[in-house]
Amino acid sequence: RSRLDTGLPRRILLAMTMIFTLSFLLFTLSTNLAYGQDSSTITAIPPRLELNIKPGETIKTQLKVRNESSYTQTYDINLTDFIVTDDSGTPIPILSDINTKFAASKWITAPSLIPVDSKKTQYVNLTITAPQNAAPGGHYALLTYSPHSDNKPGDMKKTGSLIGQQTGTILYLTVPGVIKQNAQINRFRTDKFNEMGPVNFEIKVKNLSDVHIAPKGKLIIKDFLGKIVSSEELAMGNIFPNSLRSDSAIWNQKWGYGKYQANLELAYGTAGGLLTATIFFWLFPIRLVTYILILVIS
């Protein structure tokens, strides 16, 4: 019988065809992915800027915007006020005028358009002037960048502080003076009974101050004898005035035997503010102990 009769060359040909097809598909997929990643990418630098400003004072400062795409882009620059409606601290821009003592968009002047070359970073000049009657406390604004309508079409991928289809910097302006600083713990809880860890804790803090706060502190776990068995560091991030923010903590303990006490201690503000809360919970492998007792008894 000839080699053709055995069918060996046909199998080799089929295998080579499959390898070629797979290689072509992988090449095409990688090319498409690379092309997709070449879409317009805007990065706001920094995503947050904090400044102190006195009533009537003018400050000049700079931000940066980076164009990661492969072509020159022109960006629209918008200044807006915002509100926070969730407990994650997400700012939502407001396009209409709002009457609030925390708004600061009208204090700031910036260019309306800015061109940025491919793979380059451009400076954005800001002039900030506080009114003579500016109230002590925090005042906030949102500066956003968005691709201008004359730009090259493409899938616009945004990074940085994401606000819908825009990228920007949140400006925190603090006017010195007598500032109310107050906050409260709205939630501190865990399951009352846990057979095994880790044990998860939910934390929610409301800011009742006239300025943003960034609570930091510890979650301290004590056993039934009052001995400290764990101390976890916590940092919640900025909370805007009259806003809530949620956070979580984990005690990475697998086994426990008895009743435990969890103490939450959070420091905030510049006047020595301290928030505390205490809860109790059980960590006990009841089913495991039950199985062992059954085996021993039987």
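Points to keep in mind about this one:
- Subset of region 135-176 [touching a Pro at 6+ places or on another chain (Cβ under 7 Å), at pLDDT below 70 and either open to solvent by 40 Å² or more (accessible area, probe 1.4 Å) or not small (Gly, Ala, Ser) (or both)]: Met156, Gly160, Ile163
- Verdict on Ile128 being of a type in the set (Val, Ile, Thr), at pLDDT below 95 and surrounded by 17 or more Cβ atoms within 10 Å (Cβ to Cβ): no
- When Leu95, Leu79 are checked against the criterion of being touching a strand residue (DSSP E or B) at 6+ places or on another chain (Cβ under 9 Å) and either open to solvent by 70 Å² or more (accessible area, probe 1.4 Å) or of a type in the set (Asp, Glu) (or both), a single residue qualifies: Leu95.
- Checking each residue in region 236-250 for being over 23 Å from Tyr140 (Cα atoms) and open to solvent by 50 Å² or more (accessible area, probe 1.4 Å) picks out Ser248, Ile250.
- A Cβ distance below 8 Å, combined with a sequence gap of six or more or placement on separate chains, defines the contacts here; from region 167-185, residues that are among the basic types (Lys, Arg) reach residues that are buried (at least 21 other Cβ atoms within 10 Å of the Cβ) in the pairs Lys180/Gly137; Lys180/Ser209; Lys180/Asp210.
- Inclusion of Ile53 among residues that are at pLDDT 95 or above and open to solvent by 50 Å² or more (accessible area, probe 1.4 Å) is not warranted.
- Qualifying positions in region 98-125 - among the β-branched types (Val, Ile, Thr) and either in contact with a His (Cβ under 9 Å, 6 or more places away or on another chain) or surrounded by 15 or more Cβ atoms within 10 Å (Cβ to Cβ) (or both): Ile108, Ile114, Val116, Val124
- Matching entry among Ser70, Ser96, Ser88 (being assigned to a loop (DSSP other than H, G, I, E, B) and at pLDDT 85 or above): Ser70
- Qualifying residue in region 251-260 (condition: open to solvent by 50 Å² or more (accessible area, probe 1.4 Å) and closer than 16 Å to Lys204 by Cα): no
- Count - residues of region 200-230 that are open to solvent by 60 Å² or more (accessible area, probe 1.4 Å) and in a strand (DSSP E or B): 7
The values are calculated or read from the model by the stated rules, or taken from the named source; none is laboratory data. All values reported here derive from a predicted model rather than from experimental measurement. Quick reminder, even Gly has a Cβ in these numbers, built from the backbone with ideal geometry, and neighbours come from all protein chains shown. Side chains are part of the model used for accessible areas, which takes the heavy atoms of the whole protein and leaves out ligands, DNA and RNA. Shrake-Rupley method; radii C 1.70, N 1.55, O 1.52, S 1.80 Å.
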